[in-house]
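To keep things clear, I will list the structure first and then write my remarks on it.
The values are calculated or read from the model by the stated rules, or taken from the named source; none is laboratory data. Note that the coordinates shown come from a computational prediction; the quantities given were computed from them, not determined experimentally. Cβ placement follows ideal geometry from the backbone for every residue including glycine, while neighbour counts extend to all protein chains displayed. Ligands, DNA and RNA are stripped out before the accessible areas are found, and what is left, the full protein with its side chains, is counted by its heavy atoms. Shrake-Rupley method; radii C 1.70, N 1.55, O 1.52, S 1.80 Å.
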Amino acid sequence: MFGYRVPAPDEAMLISGGRRGLGGAPFRVVTGHGKFVLPVFRKTRFLTLSMCEAEVTETCVTKQGISLHVRAVIAFKVGNDTESIINAGQRFLSDQDQMSVLTGRIFAGHLRSIIGSMTVEEIVTERQKLAAEVLDTSKLEMAKIGLIVDSLQIQSIDDGDTGYIDAMSAPHKAAIQRQAQIAQAQATQASVEAQQVAARNQAEYARQTAIVQAEYSAEVDRAQAQAAQAGPLAQAHAQQEVLAAQTELAQRAAQLRQQQLVAEVVKPAEAEAERIKVLAIADAERMKIQAEAAASHDRVALDRMLIDQLPLIVKEAAGGLAGANVNVLNGADGLGEIAAGLVAQGLTILDSVRQNLGGQNSENGPAKANGPLELTGYRRTPVDVDGDEPKGSAN
């Protein structure tokens, strides 16, 4: 709008003409809002409120008489209050670049004054203290011209060719170099130890790998050997089983042959021996009868006839034993029992004949021996000694 002016956020608008400003100032100060200004009757100017910078490079002499080249940077601006704006406007409105020049000169003077009261060691080691003292001493002067300092930084301190700072720092440099060498040696040692550890680890890994490979190779060899032996072992086992079966078969065949020999040779021999024994017993009985006949005159003819017939009786009994199908279970004892039974049977028949003949003689007189005595009522019967009934019987 024509005649309405608004200052920038970092500016202060100064309106001159018309009534005076605060405190009798020749202008009014407007910040942060606009103002209607009558053309021709009023005049407006703008003063910057932004940050400004001033650089100071000064040669200063310390308390020890040593010259130092000091470089510092000052950050400043016009104060935000109306009084500071009025002071700065009255001094710098027509040439605002003079604020940096004047600020640099003010700080240069205070810097020389403060450095002259300090030693090199204090200046070098206590830069922050130096900056704080310069700010405190210049604050009042800066406020008079409407400026405030935000910061002061000491950029560099150099003693030129005197070498004082270098000499002062030599022990520290030596200590630092010594520490650096120690650290380098320690780092080298640590590196060597790390390399040795890595080499040992590699060797250990190689050893373990070789062991594992050897074990694997041995296991493979064992498996191959077992596989190679499996066939012969199986064949040998099969042959062993065949030999065992053949041995068992031979043992059974030997047992069977032994049983056959017993049945074919031993048992018939035992039966023949028993038969001979029965005959001997019969012969002994015959001799006994003859002896009794010789002692008895009344029965000479009868005894003679019995004596003559006794061999036939024994022969018939022995014949029955010889023709019998004998299965002997208890060996010679069983065969003896059979023979004894046959002999007993023969003697029983002999006693029966004696009694019969004796009775006839008592009734009809002495019997006449007209020929051999013929026995009737007896038939050879096969004897089964297994416990079954005989296949033939006496009539």
- [ ] For each pair in LYS43/LYS139; LYS129/LYS173; LYS267/LYS288; LYS35/LYS144; LYS77/LYS129, compute the distance between the two Cα atoms and list the pairs where it is over 26 Å.
- [x] LYS43/LYS139; LYS267/LYS288; LYS35/LYS144
Open item on the list: Leaving out ligands and nucleic acids, and using a 1.4 Å probe, what accessible area per residue does segment 20-144 come to in Å²?
Closed with: 53 Å²
- [ ] Using per-residue counts of other Cβ atoms within 10 Å, averaged over each peptide, order 186-195, 25-34, 263-272 from highest down.
- [x] 25-34, 263-272, 186-195
Task: By average C-beta atoms within 10 angstrom, highest first, the peptides 110-118, 94-102 - done: 110-118, 94-102
Task: FRET efficiency estimate (nearest 0.05) - Cβ-Cβ, ALA238 to ALA214, R0 30 angstrom - done: 0.25
Open item on the list: Given a 1.4 angstrom probe, what's the average accessible area per residue across segment 226-288, in square angstrom?
Closed with: 78 Å²
TODO: Using a 10 Å cut-off on Cβ atoms, rank the peptides 130-137, 217-224, 73-80 from the highest mean neighbour count down.
DONE: 73-80, 130-137, 217-224
- [ ] Report in % the part of the accessible area of segment 84-155 that belongs to carbon and sulfur, leaving out ligands and nucleic acids; probe 1.4 Å.
- [x] 48 percent
Open item on the list: I need the calculated FRET efficiency for the pair ALA185 and GLN64, taking r as the beta carbon distance and R₀ as 41 Å, to the nearest 0.05.
Closed with: 0.60
